[in-house]
Amino acid sequence: MIRPATINDVPGMADVINSHAERGKMLFKSYAQLYEALRDFAVYELDGEVVGVCGLAIIWADLAEVRSLAVNETFRGKGIGSDLVRWCIEEARRLRIRRLMSLTYEQRFFEKLGFEVVSKESLPLKVWSDCVRCPKNNNCDEIAMVRTLHEVPEAKGPTAPPTPRGVSIPVLPIYEDD
Ligand SMILES: CC(C)(COP(=O)(O)OP(=O)(O)OC[C@H]1O[C@@H](n2cnc3c(N)ncnc32)[C@H](O)[C@@H]1OP(=O)(O)O)[C@@H](O)C(=O)NCCC(=O)NCCS
């Protein structure tokens with residue numbers, strides 16, 4: 001069953017997300033980050049346990065990002081990941097947001113859900129705000145993918161400016177232990 005996340009889901013969400021983060025598949029999420037962004041998230045619950053997580057973060061009037069998509073290893077290949085992305089698509093439709101994007105290593109999975117590879121430079125600078133927290137930061141090897149919901153009309157607000165050429169993403173200094 002997919003449903004919007006509640007406060008009580010946070011420990012289970014952190015377990016699923018961070019077990020993949022440990023393998024470099026995605027960014028770690030702290031409890032504080034999950035509490036703060038909880039309204040962005042849906043969970044897939046099976047027998048009272050969180051086995052899948054996904055968030056939809058609004059970037060701009062015409063763009064939302066599928067974030068922190070993860071399915072517990074034991075429950076892979078059962079359509080749970082696809083259902084969670086479809087939840088994001090429905091949520092974007094409800095919010096009247098025309099484009100969804102993902103930064104991912106799972107190109108084939110997202111292609112099956114109607115996403116296409118785009119150049120990273122075509123995405124607005126705001127997308128890269130999380131990069132300061134990513135150990136790969138300037139060496140990002142994720143694939144940028146977008147799906148346009150053609151049935152949603154163009155947004156009325158201004159379009160987000162693309163990432164200017166030559167802009168380097170701010171990086172936190174690395175402090176070594178003495
Ligand atoms: C990617 C992920 C969310 C997919 O979840 P899932 O529940 O196993 O996916 P589904 O069962 O819905 O798979 C849907 C389809 O995609 C395919 N698929 C899933 N993962 C795939 C992969 N890594 N490579 C190629 N195809 C894949 C499935 O075979 C299935 O194909 P079918 O419809 O022809 O049977 C899951 O593997 C995962 O948690 N990965 C680690 C975290 C991660 O990389 N998240 C993405 C960050 S954006």
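The values are calculated or read from the model by the stated rules, or taken from the named source; none is laboratory data. Just so it is clear, the structure is predicted and the values come from calculations on it, not from any experiment. Here the Cβ is made from the backbone with ideal geometry for all residues, glycine too, and neighbour counts use every protein chain on show. With ligands, DNA and RNA removed, areas are computed over all heavy atoms of the protein, side chains included. Shrake-Rupley method; radii C 1.70, N 1.55, O 1.52, S 1.80 Å.
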Restricting the search to the stretch 68-82, which residues are out of contact with any strand residue (DSSP E or B) (no Cβ under 6 Å at 6 or more places or on another chain) and either within 16 Å of residue 14 (Cβ to Cβ) or within 8 Å of the ligand (Cβ to nearest atom) (or both)? 73, 76, 77, 78, 79, 82
Taking the stretch 1-38 and the residues there that are of a type in the set (Gly, Ala, Ser) and assigned to a helix (DSSP H, G or I), the one that is most open to solvent (accessible area, probe 1.4 Å) would be 32
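Give 47, 9 a once-over and let me know the one that is under 21 Å from residue 82 (Cα atoms) and free of Cβ contacts under 8 Å to residues at least 24 places away in the same chain.
47
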Can you say whether residue 108 is under 18 Å from residue 144 (Cα atoms), near the ligand (Cβ under 9 Å from one of its atoms), basic (Lys, Arg) and assigned to a helix (DSSP H, G or I), as far as the supplied structure shows? yes
The stretch 39-74, residues that are more than 16 Å from residue 18 (Cα to Cα) and part of a helix (DSSP H, G or I): 39, 40
Does residue 160 meet the test of being modelled with pLDDT under 75, closer than 21 Å to residue 89 by Cβ and either in contact with a helix residue (DSSP H, G or I) (Cβ under 9 Å, 6 or more places away or on another chain) or not β-branched (Val, Ile, Thr) (or both)? yes
From the option list 14, 70, single residue qualifying as among the aliphatic types (A, V, I, L, M) and without any contact (Cβ under 8 Å) to a residue 24 or more places away in the chain is 14
Looking only at residues that are near the ligand (Cβ under 9 Å from one of its atoms) and not in a loop (DSSP other than H, G, I, E, B) in the stretch 87-105, which one is most open to solvent (accessible area, probe 1.4 Å)? 103
